[in-house]
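What follows is a set of notes on a single structure, which appears directly below.
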Amino acid sequence: MTTGTALFLGFIVLQRLGELVIARRNTARLLARGAREVGAGHYPVMVALHTAWVLALLVFGWDRPLHMGWLALYAVLQVFRVWILGTLGSRWTTRIIVLDEPLVARGPFRFIPHPNYTLVVAEIIVAPMVLGLTWVALVFTVLNAAMLWHRIGVEDGALRGKGRFADGRARP
């Protein structure tokens, strides 16, 4: 394993574990504020999917060279991640949590309806491509698309009752 590959894979593992810690903390705080979780039934499937994706990267990518163009794109995606997490702050979580407050409508949410899902779709494609694992990108893109189709439907249904964004625009 090259140092670059080890650092890349280590970053992905540590980032995902760190996100789970942040998500757990934020979920507990939101629930303590009166929020409720919806669609919890699919959560184990999502965790299993993402765990399998990381394991596929580790098992099949540990001895692969890095493709620098894809790595640069992955770095850009991490800037997008920071923007999303910074915008949502304590409202970011890996679960669907509905809070009786206006929806966030600033930052990337001004431009696209589900920026975090957009980011994850891109990462599921780009990270394997950094390691030249086209088949991992394809397989997990298809699996993730099916999971997101369900998840976004559940989330949009739960939020439909929220009525308006924080800036007063009506929800679609």
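Read the figures in this text as sums done on the coordinates, not as results from a lab. If you're wondering where the values come from, they're calculated on a predicted model, not measured in any experiment. Here the Cβ positions follow ideal geometry from the backbone for every residue, glycine too, while neighbour counts run over all protein chains shown.
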Given an 8 Å cut-off on Cα distances and at least 6 residues of separation, report the relative contact order of the chain as a percent. 31
Rounded to the nearest 10 degrees, what's the angle between the helix 3-32 long axis and the longest principal axis of the chain, both from Cα atoms, 0 to 90? 20
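Please arrange ILE112, ILE96 by counting, for each residue, the other beta carbons lying within 10 Å of its beta carbon, fewest first.
On the way: ILE112 11, ILE96 20.
By the 10 Å Cβ count, ascending: ILE112, ILE96.
Looking at segment 27-74, which chymotrypsin sites (Phe, Trp or Tyr not before Pro) are in a loop (DSSP not H, G, I, E or B) and have at most 16 other Cβ atoms within 10 Å?
Numbers: sites: TRP53, PHE60, TRP62, TRP70, TYR74; in loops: TRP62.
Answer in residue order: TRP62.
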With charges set only on the Cβ (+1 for Lys and Arg, -1 for Asp and Glu), what does the dipole of segment 1-96 come to about its Cα centre, in debye to the nearest 20? 460
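If you keep only loop residues by DSSP, which trypsin sites (Lys or Arg not before Pro) in segment 73-163 have at most 10 other Cβ atoms within 10 Å of their Cβ? Walk me through the intermediate numbers first.
Working: sites: ARG81, ARG91, ARG95, ARG106, ARG110, ARG151, ARG160, LYS162; in loops: ARG95, ARG106, LYS162.
Passing both the DSSP loop test and the Cβ count: no residue.
Please report, in debye to the nearest 20, how large the charge dipole of the chain is about its Cα centre when each Lys and Arg carries +1 at its beta carbon and each Asp and Glu carries -1 there. Don't skip to the answer; put the middle values down first.
Details: 18 positive and 9 negative charges, 122 e Å.
In total the dipole reaches around 580 debye.
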Go through segment 94-107 residue by residue and turn each phi into a ³J(HN,Hα) via Karplus (6.51, -1.76, 1.60, θ = phi - 60°); whole Hz please, and just put x for glycine and proline. 8, 9, 8, 10, 9, 10, 7, 9, x, 5, 5, 9, 10, x
Using the alpha-carbon centroid of each, what span in Å lies between segment 52-80 and segment 108-140? 11
Output the 0 to 90 degree angle, nearest 10, between the alpha-carbon long axis of helix 134-160 and the longest principal axis computed from the alpha carbons of the chain. 10
